[in-house]
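Peer 1: There's a structure below that I have some questions on.
Read the figures in this text as sums done on the coordinates, not as results from a lab. Please read these numbers as outputs of a predicted model, since none were measured by experiment. Cβ placement follows ideal geometry from the backbone for every residue including glycine, while neighbour counts extend to all protein chains displayed.
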Amino acid sequence: MHSLFEMPFREVMDTFSQWVIPVVMLLIVVWAALKRVPMYESFVTGAKEGFDVAVMIIPYLVAMLFVIKVFMASGFFDDLKTAVVWVMGHMGLGAYTETLDVLPLALIRPLSGSGAQGVLNDIYSTHGPDSFIGLMASTMMGSTETTFYVITVYFGAVQVKKMRHTLPACLIADAAGIIAAVVLAYILFA
Amino acid sequence: MLNKIWCALLILGIGYGFAKAVYRSVTGPSPSRTVLDQEADSGKEEGVPDEKTRADQAKIERNPFLAMGKSLTDTSVQAAESAVAICIGLIGIMALWLGMLNVAKDAGLVDALARALRPAVRWLFPDVPDGHPAQGAMLMNISANMLGLGNAATPLGLKAMRELQTLNPTKETATNAMATFLAINTSSVTLIPMTIIGYRVANQSDNPVEPLAGILMATIVSTTVAILAVRFLARWRIFAMPQGLPQSPPIQTRSSTDRAEKQEP
């Protein structure tokens, strides 16, 4: 056990983020008490809606998760990486092929959260979390989201089926985040 | 768009799996890693593999067609089950956070937050009238995301989507506000990316917080690009709202509601 002032930075951050939720809850309840809100009734009314939303998402998520998982199971991604490494080797870019280990992460990231986590763990165990590749992968992972999952769940909750420009805009943003992660990794960690 | 991607993923997945199985049965048996892993997993669950399962495994290793077919079938069933499990798992956290949000809303806290950040929200979501509950819900979701509170962010985000849906004249088609909200959401503005720090700690990193500055800068880039992209793409004709409906129906309501509010007393 160490005192609050001797904690390493990461532990301070962790402690801080663990306290955010209780503090927010306390703030809400104290404020509501001051305003004389009938809290219990209000809470239950809101909570009821949570159940409906969670159940409503099911068909959308089944549809999306199922095709993504089948696509992954075919082994397409692994073979794509092998092919790209081969092509780059023949183009005389063999020196950069190590960086290609982050390519599967960039491709899987928008599709599958657990898939991306698996790839990230692979990268950490082959290169180490503090290596250049490990830091680049961390930056990439931290600056992007599981876009398909988020879009499916959010639009599923309101039964919207035509998404118009949402998906292309989100994918462009993902691509920008991934490119930014690679560039920033070369600037900050190389 | 999503129709095409969905269809393409399924055809590519099954088609590629088939082609790979053909290739393997020509070049000789070399079972894929994924199949072996899955077999190992299922073996672990069932305890000690008896003679029958061992015979099955040998058969799978000999026959790449059987292996790929089994892998694709098992995966689709498992994916469907895990999707339901995710949604059921969401019920508790959804109820908790939407309950808390309702208390905060009744206490006037959400409105206070919305009022404080009104200029930014007005610029980002010009179609959402001032004082609409969607503003507060979206802000709560974005704040939860910034603090890295993924668990709290999802329920608040879904609540925001439902509020945005009340402003939607088409019901099955996304509005500009929804697209903007999701673009900001998926580009993930994170101040404290706790999950990444967690992974790095779990992998014995010497300095788990080293990539934080990089992550912050990369998210700023991706969020900026997201906002620009969503604005730009909304003008394309292929992404227009259907049936000749006005591009952003409630956009006039800001001035009209202002007027209405003034007339009300």
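Peer 1: Report, in order of residue number, the helices in chain A meeting two criteria: a C-alpha extent of 27 Å or more along the helix axis, and a mean Kyte-Doolittle hydropathy of at least 0.0; treat each whole DSSP H run as one helix.
Peer 2: Values: long enough: A:9-34 (36 Å, 1.49); A:39-73 (48 Å, 1.36); A:166-188 (32 Å, 2.14).
Qualifying helices, which must be both long enough and hydrophobic enough, are A:9-34, A:39-73, A:166-188.
Peer 1: Just to be sure I understand: with springs between alpha-carbon atoms less than 10 Å apart, which residue in A:81, A:162, A:35 has the highest mean-square fluctuation in the Gaussian network model of chain A?
Peer 2: A:35
Peer 1: What three numbers, in Å, describe the spread of the alpha carbons of region A:52-188 along their principal axes, ordered from the longest?
Peer 2: Principal extents (largest minus smallest coordinate, Cα): 52, 33, 28 Å.
Peer 1: Of A:82, A:176, A:45, whose Cα points farthest to the positive end of the dipole of chain A (charges on the beta-carbon: +1 Lys, Arg; -1 Asp, Glu; origin at the Cα centre)?
Peer 2: A:45
Peer 1: Also: Scan around residue A:164 for amide H atoms under 5 Å from its own, H built in the peptide plane at 1.01 Å from N, and keep only partners 5 or more places away or cross-chain.
Peer 2: B:174
Peer 1: For the pairs A:161/B:171; A:48/A:161; A:162/B:4; A:161/B:70; A:81/B:70; A:81/B:20, note any where the Cα-Cα span goes beyond 20 Å.
Peer 2: In this structure, A:48/A:161; A:161/B:70; A:81/B:70 lie more than 20 Å apart at Cα.
Peer 1: Would you please name the trypsin sites (Lys or Arg not before Pro) within region B:155-213 that are DSSP coil residues with at most 14 other C-beta atoms within 10 Å of their C-beta?
Peer 2: Working: sites: B:159, B:162, B:171, B:200; in loops: B:171.
For trypsin sites (Lys or Arg not before Pro) across region B:155-213 that sit outside H, G, I, E and B with at most 14 neighbouring Cβ atoms in 10 Å, the list reads B:171.
Peer 1: Taking the Cα centre as origin and putting +1 on Lys and Arg beta-carbons and -1 on Asp and Glu beta-carbons, what dipole magnitude results for region A:52-188, to the nearest 20 debye?
Peer 2: Values: 6 positive and 9 negative charges, 109 e Å.
In total the dipole reaches around 520 debye.
Peer 1: Let me check against my output: what whole-number percent is the relative contact order of chain A, with C-alpha pairs under 8 Å and at least 6 apart?
Peer 2: The normalised contact order for chain A reaches 20 percent.
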